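First up is the structure itself, then whatever we jot down about it.
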Amino acid sequence: MKVPLSWLREFVPVELDVEALAERVDAHGIKVEGIERPWAGLEGVVVARVLEVRDHPNSDKLCLATVDGGEGPVQVVVGIRNMVPGDLVPWAKPGSRVPMLDAPLDAKPLRGEVSNGMLCSPRELAISHEHETGILILPDDLPVGSDLKSALGLDDAVLDIEVEPNRPDFLSVYGVARETSSILGLPLAEPETTPEEDPERADEVATVELRAPDGCPFYLARVLRGASKTSTPLWAQARLTAAGMRPLAPIVDATNYAMLELGQPLHAFDMQRLAGPGIVVRRAEPGEALNTLDGVEREFTQEDLLICDLEKPVAIAGIMGGQTSEVSDTTTDVLLESASFTRTGIIRTARRLELHSEASHRFERGTDPEGVERAAGRCAALIAAWTGARVLTGAARAGGPPERRHVSMRASRATALLGYPVAPSDAAAVFDALRMTHRESSDVVEVEVPGYRVDIEREVDLIEEVVRIQGYERVGATIPRSPEPGGLPDPYAFARRVRDALVRAGLREAKPLPFVSEEDLALMGDRDAIPLSNPLRAEEAWLRTRVLPGLLHTVARNQRWGTGSVSIFEVGTVFRSADPVEELRKVGLVLCGAAGEGWTADDRQFDVLDARGMVETLLEDLGVGGRGEHGQRGRGWTLGESLGEPFHPGRSARILLEGRPVGIVGELHPRKASLLDIEGRVAVAELELEPLRAAASRVFRLVEVPRFPPIRRDLAFVLDEDVPVGAVQAALEAAAGELLDHSLLFDVFRGGTIPGGRKSLAFALEFRAPDRTLTDEEVEPVVAAIVARLRTELDAELRT
């Protein structure tokens, strides 16, 4: 929301300069993103009177104008001839500057005639974006030779305010002024919202019928007659432009001006183009359509709310009007709409139609139902002043604003939450400053919530108002006492442990949206996804069942942007269709591209072994597995059977924890990777968090650095081809017991003297005792036990 300072000062007598004001209000909840000066590039332009206009001797399109800017007659070459002798115009004399040009103007010849500067259009002065209107004709009461910037109030500054979704009252100049008044303790002036009325009654001319009060609880229509074709005052055009709106025509500009000032969207209909005239607010019929003001035909569903005359739709409620009833230069009679629409209905329709406007932006966040009539009166007064129209008495209306809500706050509760004493009288003073009616009773302050404060629903909301107005600096550095136990809930703390472990392993965290397409679901063969009724993107119409699809799309996007190596992970929630809906926390990781960078790194790509190593690193960091019963070494987790599509044959496996599947690890099949626009090998892993949390160790054991040397033995075993390496290593470690300090597979061999269907696995084993140097006599029985166990359990032969 852009708020011109001069407009703000109409309601609050602020004497602070704009920088000091921005600092004060920002500290109390009005977030000022920046300060703009739209006319900073306007210098030296003066008011000049046109003395003569004549043809250019060397051009059919140009003309010559003689003007007097207080220093005598001068000649200016002009590109459009809409001024006549006697008009006042803005003259940018030599040496002056205008916002549309970077350099100062000078005198120069144009087609053989010298032009002393230029006469300016509204666009060149940054008053309006329109250029077709020609040279700006100024009001007759401006002194010749006066500085245009000061004369039109173009030395204004603008506060650029970021409006949070919970404070839609800041989407208006008056809403910001009201809050500024409370913060600075200054009086607040009320806007003029009562127009002078004609004896003819509006409710005798127009009718309003509400057929969908759940979508529109309050609709009001004012009627104006006899509007003439005029121009919007320059001061109003300048304010609209500074606030980010494009001036168009007086009637439309009046609706936009009143909306920016009071926060209530309005819409003007040409009464002569309405059937009736009568307004019917109803739901759309299936297949019903309307050409909106942007020139697009839009078709509706039964959920959409329409504004109709007695025959047809004329507007999409709260979003945009239709072409069949829009006002124009020939409009004389106006039906002015001011209404209250429910937020959810506007949100659904705007998103489905992909149609967003200044009106829908406000209705989606919540407007003040108590401000409907006031805004209509303000807008009617502006239209009457700018076009000469007559405002009919009263209004045609249906429905009305709801009763105000009441919310109570305990001063003792505020003290407990804020950490400093808050007396009931302190809270009452805050609500007095905020102009909220309230009632004190012992420790309780009951507040009547005005319609514009849609964010106040609970006690804590009132407590926030107290500290915001009193000043956040009152809150000390100590943590307030609370009867509730503190600390992070265990599931969230464990998820943080997982994130930290993967970051330490060198991965970067990604945060994809939890929505997927049918192609993403088909990738893993999932059929139990939950459809979305109103997706953000039509192609992503399902809640994800795995975290991998979003990560894979992130890899593809990074490759398109030229990233050669991607190693990312996500800890997030997946959803599966069940009764009730099943939500699972999972961690997924994806590795793709170069495994290392720089001349010292190995020249290779990430593969399934890197993903397995990441899984092993994560589980060891979490303490999943560790030492089993009787002090024997045991992983606690193993790799199970190989997986089918979408993984590469022989390069995937299930991850088992105590025999139960908890995840997968593998390398994506090249054909599947190409469908996702990913080049190269793609290694992935995905695990459920809850089983890991149940198995993770909460005790960390510190081990002394070994003081005695190890004894190393290299053992090679010949086994059947289908025996997994993990099963061999688990049996080996279980047989070795406490003396085995480390085991490592360092060779896999096939062929030669190895029979077909068999393979050779070679392990490097290190034996060590913590209190002495081991002897060969102590190690040999352990080696024999290893050989015997592998022969018995896995039909393994020791290779000599």
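The values are calculated or read from the model by the stated rules, or taken from the named source; none is laboratory data. All values reported here derive from a predicted model rather than from experimental measurement. Reconstructed Cβ throughout: ideal geometry from the backbone, glycine too, with neighbour counts over all protein chains shown. What goes into the accessible areas is simple: the full protein's heavy atoms, side chains included, and nothing from ligands, DNA or RNA. Shrake-Rupley method; radii C 1.70, N 1.55, O 1.52, S 1.80 Å.
Below are the figures for this structure:
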quantity: Tensor-based shape of region 149-230 (alpha-carbon gyration tensor, a/c under 1.5 rounded, otherwise prolate or oblate); calculated: oblate
quantity: Alpha-carbon centroid distance for the pair region 697-763 / region 280-342, whole angstrom; calculated: 76
quantity: With every protein chain in place, the chain: carbon and sulfur % of accessible area (1.4 Å); calculated: 50
quantity: Peptides 318-327, 748-757 ordered by average Cβ neighbours within 10 Å, highest first; calculated: 318-327, 748-757
quantity: Dipole magnitude (debye, nearest 20) for region 241-345, charges at Cβ of Lys, Arg, Asp, Glu; calculated: 240
quantity: Charge dipole magnitude, Cβ of K and R +1, D and E -1 - region 300-357, Cα centre, debye nearest 20; calculated: 420
quantity: For region 697-775, size of Cβ-based charge dipole, Lys and Arg +1, Asp and Glu -1, in debye; calculated: 160
quantity: Accessible area of region 190-264 divided out per residue, in Å², using a probe of 1.4 angstrom; calculated: 41
quantity: Cα gyration tensor category, rounded, prolate or oblate, for region 618-777 with a/c compared to 1.5; calculated: oblate
quantity: Value of [θ]222 nm, deg cm²/dmol, for the chain, DSSP H segments ≥ 4, -39500 (n - 2.57) each, nearest 500; calculated: -8000 deg cm²/dmol
quantity: Cα→Cβ-extended label distance, 7 Å offset, between SER408 and GLU71, nm; calculated: 7.4
quantity: Region 287-422: C-alpha gyration tensor shape, a/c 1.5 cut-off, then a/b vs b/c; calculated: oblate
quantity: Packing-based order for 95-108, 397-410, using average beta carbon neighbours within 10 Å, highest first; calculated: 397-410, 95-108
quantity: Burial ranking of peptide ranges 307-315, 377-385 (average Cβ count within 10 Å, highest at the top); calculated: 377-385, 307-315
quantity: Farthest toward positive dipole pole in the chain [+1 Lys/Arg, -1 Asp/Glu at C-beta], among THR349, LEU184, ALA65; calculated: THR349
quantity: Charge context of GLY613, other residues only, Cβ under 11 angstrom, K/R +1, D/E -1; calculated: -3
quantity: Given charges at Cβ of Lys, Arg, Asp, Glu: region 220-326 dipole, positive-most of THR230, GLN272, VAL314; calculated: THR230
quantity: Filter on LYS2/LYS61; LYS108/LYS229; LYS61/LYS229; LYS586/LYS672 - keep pairs with C-alpha separation over 32 Å; calculated: LYS2/LYS61; LYS108/LYS229
